[in-house]
Every structure is written in C-alpha cells, then in structure tokens.
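All of the numbers you see were taken from the coordinates with simple rules; none came from a lab. Values in this document were obtained by computation on a predicted structure and should not be read as measured data. Don't worry about glycine lacking a Cβ; one is built from the backbone with ideal geometry, like all the others, and counts go over all protein chains shown.
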Amino acid sequence: MPILHVLLYLLLIALAWLFRASYIGWLGPYIFAAAVLLPLVILLASLPSMTGLRIHLIASPRVMRDSEAHLVLDFSNPHILPVHSVTVHLTIHNCYTGEISHLNFIFRNIESSQSKIPLPTHECGQLRCSLSRFECRDLFGLFSINRKGGTEASCTVMPSADEPDHPIQFETSLNTASILKPKYGGGFAEDHDLRGYRPGDASNSIHWKLSSKTDSLIVREALIPENSTIFVVLSRVGEHDRGLEVLRWLSRKLDELEEPHVIVSDSLYPVGNEDETDDAVASLLSWPMREPCGFDATDARCVFMIFAGEVRIQ
C-alpha cells in the first residue's frame with residue numbers, strides 16, 4: 001500500500017472529522033461516514049476492471065544484434081473504468097548465454113492499449129520473455145490484488161553475416177574428387193557401374209541390351225558419392241559473437257554456391273538454402289552455449305572449423 005495514498009486518506013478522514021466536530025447539523029456524521037467508506041466503495045467499483053484485465057506479450061520473432069527491438073504489452077480491459085495502476089513483473093531469459101533479468105514496470109490508468117518495453121539486443125540468443133505476475137491497484141490507490149501472468153513471448157537476436165579474418169578459397173577447398181559407393185537398396189542414380197549378376201539383384205537393374213551381347217547377365221549398379229557431406233562446425237564463438245557472424249556468412253556463402261552442408265553446434269542442422277541457414281542459427285541460439293556435438297567426419301568432403309573470426313579447413 002503506497003504511503004502517500006495512506007497519508008492522503010488519513011488527511012481526508014481528519015478533515016471529515018474536523019467538519020463533523022465544527023459543523024452543527026445533521027450533515028456532519030454523513031460526511032464522516034462517507035469519507036470512511038469511500039475506499040471500500042471505490043474498491044467495489046474497481047474490482048471488475050482489476051480482475052478482468054488481461055495482458056499479452058508480443059515480440060518480433062527475429063531481430064538483428066544491436067538493432068532496436070521492443071516487447072509489446074497488450075492490455076485488454078473489457079470494462080468501462082480504467083485500472084489505476086499496474087505493476088508488471090517480467091523475466092527476460094537469454095537461452096543462449098543463460099543471462100536472466102528481472103524487470104518491474106508501472107503503468108497507470110490502464111484501458112485497452114499497448115505499451116512498449118525495449119529489449120536488450122547487445123548479445124545474440126533467444127530472449128524468452130515471461131510475465132510472472134502483475135499487480136492491479138484500485139482507482140483510489142489503497143488496495144491491490146496480485147494476478148498470475150502465465151504469458152510468454154520469444155525474440156531471437158540474430159548475428160549479422162560477416163566474413164572471417166582471412167579469405168577462404170572455396171574452389172580449392174571444395175574441389176575434392178568424389179568417392180563413389182554402391183547405393184543401398186539400389187534404385188536410380190546419376191552415376192552407375194556395370195558388373196555381373198548376383199543372386200538377389202532386382203530384375204529392373206539388369207542391362208538387357210548389354211546382356212544380350214554376352215553369355216552372362218550384366219547389372220547396372222547405382223552409385224552415390226561417399227564423401228559428399230560438407231560440415232560447418234562452430235568450435236568457438238569468441239567475443240562479440242564473432243563466431244556466430246562467421247558461421248552465418250559461411251553457411252550463406254555455401255548456399256550461394258549451391259552446396260548443401262551440415263551445421264554442427266549443439267546438434268546437427270542440415271542446410272540447403274538461406275532460409276534453412278537462418279532457421280538453423282535461430283535454433284542453436286535457443287539452447288545454452290556449449291561444445292559442438294559429435295559427428296562422423298571420416299569420409300567428409302570438407303570440414304570448416306570456426307574459431308571466432310578464423311576458419312580452419314580440414
């Protein structure tokens with residue numbers, strides 16, 4: 001209960017009592033009683049708005065680091081009287097860095113409207129904003145009720161796409177001869193090999209024209225590249241999210257070259273275009289920062305290891 005409101009109410013009671021003591025007539029007791037009961041009357045009139053107020057959180061799904069971003073509080077009050085003041089208790093959790101902020105804001109004379117709160121965008125990560133509770137105060141300002149929040153909104157702060165400290169020779173790095181292997185289960189493939197028939201081979205794989213010219217059955221065996229996977233591994237982020245910037249740039253560059261690849265961080269993210277790159281970066285920012293997960297790079301075509309602003313090729 002605010003001290004100023006209590007003092008004003010006590011002053012009102014004192015003035016009503018002085019009026020009753022100095023005024024000779026029937027009106028004095030009624031004025032004093034009205035002053036005493038006034039907070040209860042105002043509380044009863046304010047209760048529908050205090051209990052009917054709804055708050056929803058709205059945030060942009062993705063914003064760039066160091067850009068301007070806001071969390072919108074959408075107040076919905078279906079009743080005529082406004083709420084004198086609302087104290088909002090917010091929790092903002094950066095899921096990537098683990099940083100948690102507890103913020104309190106006071107809004108006055110709340111009707112159906114929207115208010116904006118700036119979001120911290122100096123670090124990358126998914127900002128999970130939750131309304132833990134809010135406190136509604138009556139029009140006189142003496143009584144309040146606590147309401148549960150239960151609403152959430154998320155905003156992912158994305159890194160910019162920035163080149164590494166040293167240029168990458170993509171032609172040399174990606175110019176690796178493909179090692180072909182038989183396709184499991186057979187079927188169609190751009191590359192194939194011819195061999196003799198083996199028991200169990202499908203009849204539709206038999207090269208009938210060539211077999212007719214020989215004394216044995218010839219089979220067309222489908223082949224696929226064994227070392228076709230390109231890995232982009234985020235090994236170390238570094239200061240100011242430098243590794244994330246290089247990761248996004250490198251992945252987008254591979255997209256431009258039409259080279260499907262796999263981003264390795266907390267999990268494996270297969271990527272084939274820019275939208276999938278941004279989805280993969282946003283997904284890895286929704287989990288705590290940690291070492292890259294294990295992956296099999298034995299027969300990889302190329303592995304890009306990102307150490308902050310440096311890219312090492314294996």
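Summing -39500 (n - 2.57) over the DSSP H runs of n ≥ 4 in the chain and dividing by its residue number, what mean residue ellipticity at 222 nm do you reach, to the nearest 500 deg cm²/dmol?
Value at 222 nm, helices only, nearest 500: -8000 deg cm²/dmol.
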Please give the contour-minus-distance gain from R198 to L47: 0.36 nm per residue of separation, less the Cα-Cα distance, rounded to one decimal in nm.
-> 46.0 nm
In nm, to one decimal, how far is the R290 label point from the E256 one, both placed 7 Å along Cα→Cβ?
-> 3.4
Under a 10 Å cutoff between Cα atoms, tell me which one of V41, V281, V264 has the largest fluctuation in the Gaussian network model of the chain.
-> V41
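If you count the DSSP beta bridges with both ends in the chain, what percent of them are antiparallel, to the nearest 5? Walk me through the intermediate numbers first.
On the way: 62 of 74 bridges.
In the chain, DSSP labels about 85 percent of beta bridges as antiparallel.
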Which of these values of Cα extents along the principal axes in Å was calculated from the structure shown: (1) 44, 42, 39; (2) 59, 40, 36; (3) 132, 47, 27?
-> (3)
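Pairs of alpha-carbon atoms within less than 8 angstrom and 6+ residues apart define the contacts here; what relative contact order does the chain have, in percent?
On the way: 642 pairs, mean separation 48.5, N = 314.
Result for the chain is 15 percent.
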Under a Gaussian network model of the chain whose springs join Cα atoms within less than 10 Å, the largest fluctuation of G149, G243, G294 belongs to G294
Inter-site label distance for S67 and S22 at 7 Å from Cα along Cβ, in nm = 6.5
Toy charge model, Lys and Arg Cβ at +1, Asp and Glu Cβ at -1: region 1-158 dipole around Cα centroid in debye, rounded to 20, equals 280
Send over the per residue convex hull volume for region 1-87, Cα only, as a whole number of Å³.
-> 133
Scoring region 210-314 by relative contact order with C-alpha pairs under 8 Å, at least six apart, yields a percentage of 36
Hey, any idea what Rg/Rh is for region 1-158, computing Rh the Kirkwood way over Cα pairs?
-> 1.18
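Of V157, V246, how do they rank once you tally other Cβ atoms within 10 Å and put the fewest first? Walk me through the numbers before you get to the answer.
Numbers: V157 25, V246 28.
In order of increasing Cβ crowding within 10 Å: V157, V246.
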In degrees, nearest 10, the alpha-carbon axis of helix 3-22 is tilted away from the dominant principal axis of the alpha carbons of the chain by 20
Would you mind checking the tilt of helix 242-256 against the longest principal axis of the Cα atoms of the chain, expressed as 0 to 90 degrees and rounded to 10?
-> 50
Most fluctuating of P29, P118, P159 in the GNM of the chain (C-alpha, under 10 Å) is P29
Along the dipole axis of region 1-158 (charges at Cβ: +1 for Lys and Arg, -1 for Asp and Glu; origin at the Cα centre), the most positive-end residue among L103, P61, W26 is W26
Helix 27-52: inclination vs the chain longest Cα principal axis, degrees, rounded to 10, gives 10
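To the nearest 20 debye, what charge dipole does the chain have about its Cα centre, counting +1 at the Cβ of each Lys and Arg and -1 at the Cβ of each Asp and Glu? Walk me through the numbers before you get to the answer.
Working: 26 positive and 37 negative charges, 339 e Å.
Taking the Cα centre of the chain as origin, the dipole is about 1620 debye.
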